[in-house]
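The values are calculated or read from the model by the stated rules, or taken from the named source; none is laboratory data. Predicted model, so just to flag it, every value in this text is computed and none were measured. Note that each Cβ is placed from the backbone with ideal geometry, even for glycine, and that neighbours are counted across all protein chains shown. When the accessible area is computed, the model is the full protein with side chains, heavy atoms only, and any ligands, DNA or RNA have been set aside. Shrake-Rupley method; radii C 1.70, N 1.55, O 1.52, S 1.80 Å.
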Protein chains: 2
Amino acid sequence: MIIDRNSPVPQYFQLQTWLREQIEQGVFKPEDKIPTEEELVQITGLARATIRQAIGNLVNMGYLTRKRRLGTFVTRRTNLSNHRNIIGVLVPDIRSGYTPELARGVEDAAANNKLSTILCNTDDLFIKAAFHTERLIESNVCGVIFVPTAASDEKNLQIVDKFHKRDIPVVLADRVIPDTDVDYVTTDNFNGGYQLTSYLINKGHRKIGITLSTLFSTERQRYEGYRQALADAGITPESGWIKLHDGPFTEKHYQEVSKTLLSEDRKISAIFAGHDRIAYVIYSVAQKIGIKIPVDLSIVGYDDLHPTCSHLISLTTMHQPIYEMGQESLKILVSKINGDSRGLKRLELKSNLVERNSVVRLKNS
Amino acid sequence: MIIDRNSPVPQYFQLQTWLREQIEQGVFKPEDKIPTEEELVQITGLARATIRQAIGNLVNMGYLTRKRRLGTFVTRRTNLSNHRNIIGVLVPDIRSGYTPELARGVEDAAANNKLSTILCNTDDLFIKAAFHTERLIESNVCGVIFVPTAASDEKNLQIVDKFHKRDIPVVLADRVIPDTDVDYVTTDNFNGGYQLTSYLINKGHRKIGITLSTLFSTERQRYEGYRQALADAGITPESGWIKLHDGPFTEKHYQEVSKTLLSEDRKISAIFAGHDRIAYVIYSVAQKIGIKIPVDLSIVGYDDLHPTCSHLISLTTMHQPIYEMGQESLKILVSKINGDSRGLKRLELKSNLVERNSVVRLKNS
DNA sequence: TAAGTATAATTGTACATACAATTGAATCAG
DNA sequence: CTGATTCAATTGTATGTACAATTATACTTA
């Protein structure tokens, strides 16, 4: 019997489900005529209105087509092009830093899952992220990968909530929003900062400068790692070594910082740059001033941007698995899109130090 | 009276039309509650089943949302995303060369036109381009910006035709497909090659090497410019100076080329690299061998990739307005989407030589 | 043969009725 | 004040009936 009248599931829905299964299993093939409404009344014992309700839904869903006088037929292609297959990717700026690598990781994994990616640049601004958020929702994306902006955690959470209200899952990439239950994929920035600093200490450096932005969870964690490593080595950092700021990355800012760090009677022998692009600026300023790296000054970066780091300036840096980060973010997103909601999905990938030629060993200082 | 019972148009449809008009004219605003089914029975005199049919259709069409016990409400956005507002962007690899800059130019201009961009990486392979083409068509994009692949013109044209068959306009960016009527935005590569070569000649260089790939229209044109400049200066290039190949860019290949060019008893005093990334490879190989740039060897590139060129290795190169190229491509695409088909739309942007510190003046050789 | 016409099958429209399920809000109990 | 319970409004499900509209097919007529 097709219909169970004692079941709590509506009878029209039982019929609808049964019909859909027949179609999907090929019992009713494309172009086939299904039983007439009157016949289905005979078969199921339901009223014709109920039959019509079931069929009407399937017509709306694209499974069936009604033809007056002729009957109801299985639609040729089960073309449900409204089936959502686009995700949004909100990144700071596709031109800079690790973003291209991240975007490519996401895109490759997305293509494997038959998803397309809409790319949006936030320039680390809340307002742009909010703008793109509206557009992505309008475009009916089925999921979002979001690199939080330079705005407050609260603001970034607003963005996430806008998607969540529409039942659009979100995965954060690289940066996280602390003390919330938003899923993310990031790397072990604290360990990375710790390792890089320890590396410099092992090379005999004790006066180690650092400069980065406090706006981003990643850089803050690297800074924490730096402090811990110094503390564990019994070194108390002087305030002059540390140049934090609460703005986004600009070349101009770090040029100023570099001049200060490199001029102040050169108290420091090494600099930990918050990320590679900062290191580049320091590098170029040092070049202009005539400070030679690594002979006169040691420097380490963070990211390992290709090909500049590896081929041109030979920077010792912390390699982040950015491409993998993109891929893993997407995998988690897909599992959420598919309704797998078993607890939080968070991932912290391992970075590894790449030793090149920007750090010199100091003689026992 | 809302319903005309003598009209041949079904009464549920009259009600449906009336409700839709109220919504579209803002009488019922988003989030508003419309009259309950019972109230509509009173208002219209129709049976509740008929009311439900009208409402049910509007729910299916996205205008209304039913909430049990609460009533029926106007959907937040009357947008069913059938209005196509997504374009596709087919680029070689978002990670490399000028691609990020191009993508950003497209994206910014697209956002201004309320369009979203789906990004696809072809890796310069026809097969990947074809794969993404199918997906973009499925995603119902309303236009495409396409950087032709390393495949033959014929193959690239196949890609374009696939879109054109679906009435999806295409604009080529950077590279062109010669002898066809596909619109494009590119730069004056011939002039650029001519200028760069002339620049080297003016600096006293006569034995000028060149290496690039012949797969791409841009690089071929630069090569033509190079030959013309040499010819105009009365210089006949020797075969040993010229290292063309018909494969895509790989570091490995150009490392080999560099070794050859830099070893062969150093016949040449300057190298014209087909683009900046090639210049980087030559740079790094030269560094390893101990050849100093520009003292021992002059080198020019093409693209002016930021920030490496400008800050780190100080490469004299041809600056291409890549960002603008992205923007202009999109503008043309938009005009085509809007049905403006007044003739061909082609644009050749001007490049300009950026003189830095990778070329030395030779004493009268 | 060609054009018009009747027929019957099937979906389309319309109405009246009844009870179920859900849930915001009011009420009550502790 | 908090938590449980009840109430009532509204949509959801289901049935039975009736007639309309459409149209492939067969039949009729000029």
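Measuring from a point 7 Å out along Cα→Cβ, what nm distances, shortest first, does B:Leu353 have to its partners in the other copies?
4.7
Top to bottom by accessible area (1.4 Å), largest first, where do A:Glu37, B:Glu107 land? The partial results should precede the final answer.
Values: A:Glu37 30, B:Glu107 5 Å².
Result, largest first: A:Glu37, B:Glu107.
Run the numbers on chain B and let me know its relative contact order in percent, using alpha-carbon pairs under 8 Å that are six or more apart.
Values: 643 pairs, mean separation 56.9, N = 365.
It comes to 16 percent, rounded to a whole number.
Taking region B:77-179 as the region of interest, what is the percent of Cα-Cα pairs per 5 angstrom bin, listed from the shortest bin to the one with the maximum distance?
3, 13, 25, 25, 19, 10, 4, 1, 1, 0
What are the lysines whose alpha-carbon lies under 28 Å from the alpha-carbon of A:Lys363, with same-chain residues fewer than 8 places away excluded?
A:Lys203, A:Lys207, A:Lys243, A:Lys259, A:Lys267, A:Lys288, A:Lys292, B:Lys288
Once the Cα gyration tensor of region B:1-132 is found, what semi-axes does its equivalent ellipsoid get, as square roots of 5 times the eigenvalues, in whole Å, sorted largest first? Before the final figure, lay out the partial values.
On the way: eigenvalues 462, 45, 32 Å².
Output for region B:1-132: semi-axes of 48, 15, 13 Å.
Please list, in chain and number order, the residues 5+ apart from B:Leu353 or on another chain whose amide H is under 5 Å from its amide H, with Hs placed from the backbone.
Hits under the 5 Å cutoff: B:His319.
Could you work out the helix-only [θ] at 222 nm for chain A, with each DSSP H run of four or more residues adding -39,500 (n - 2.57) and the total divided by the number of residues, to the nearest 500 deg cm²/dmol?
Estimated from H runs of four or more residues: -13000 deg cm²/dmol.
Sequence neighbours fewer than 8 away in the same chain don't count; with that in mind, list the lysines whose C-alpha is under 20 Å from B:Lys350.
B:Lys331
Once the principal axes of the Cα atoms of the protein assembly as shown are found, what is the range along each, listed largest first in whole angstroms?
Result, largest extent first: 100, 68, 47 Å.
What spacing in nm lies between the two simple spin-label points modelled at B:Glu355 and B:Ala49, each 7 Å away from Cα in the Cβ direction?
Here the modelled spin labels are 8.9 nm apart.
I'd like the Kirkwood hydrodynamic radius of region B:11-74, using the inverse of the mean 1/r over distinct C-alpha pairs, in Å.
Values: mean 1/r = 0.0871 Å⁻¹.
About 11.5 Å for region B:11-74.
Just the accessible area for A:Lys259, please: 1.4 Å probe, Å², rounded to the nearest 10?
100 Å²
Among B:Ala130, B:Ala150, B:Ala54, which one moves the most in a GNM of chain B with springs linking Cα atoms closer than 10 Å?
B:Ala54
Using a 10 angstrom cutoff on alpha carbons, build the Gaussian network for chain A and name the most mobile of A:Thr75, A:Thr187, A:Thr214.
A:Thr75
In whole Å, how far is the Cα centre of region B:112-140 from that of region B:219-264?
Comparing the Cα centres of region B:112-140 and region B:219-264, I get a distance of 33 Å.
How many angstrom lie between the C-alpha centres of region A:19-68 and region B:298-365?
61 Å
Students often forget the sequence filter, so: which lysines lie under 20 Å Cα-Cα from A:Lys67 once same-chain residues fewer than 8 apart are removed?
The reachable lysines, counting only those whose Cα sits under 20 Å from A:Lys67, are A:Lys29, A:Lys33.
With springs only between Cα atoms under 10 Å apart, run a GNM on chain A and tell me which of A:Lys288, A:Lys162, A:Lys345 wobbles the most.
Fluctuation is largest for A:Lys288.
Write down, largest first, the equivalent ellipsoid semi-axes of region B:189-321 in whole Å, where each equals the square root of 5 times an eigenvalue of the alpha-carbon gyration tensor. It would help to have the intermediate numbers written out before the result.
Working: eigenvalues 71, 58, 48 Å².
In descending order, the three semi-axes are 19, 17, 15 Å.
Once the label point is placed 7 Å from Cα along Cβ, list for A:Leu125 the distances to the corresponding points in the other copies, in nm, shortest first.
3.8
How far is B:Gly234 from the same spot in each other copy, in nm, shortest first, if each label point sits 7 Å from Cα toward Cβ?
Counterpart label points of B:Gly234 in the remaining copies fall at 7.7 nm.
Taking each pair of different alpha-carbon atoms in chain A once, compute 1/r for the pair, average those values, and report the inverse of that mean as the Kirkwood hydrodynamic radius in Å to one decimal. The partial results should precede the final answer.
Values: mean 1/r = 0.0417 Å⁻¹.
Computed over Cα pairs of chain A, the Kirkwood hydrodynamic radius comes out at 24.0 Å.
Could you give each residue of region A:178-185 its phi-based ³J(HN,Hα) in whole Hz, using Karplus coefficients 6.51, -1.76, 1.60 with θ = phi - 60°, and x for Gly or Pro?
x, 6, 9, 10, 8, 5, 7, 10
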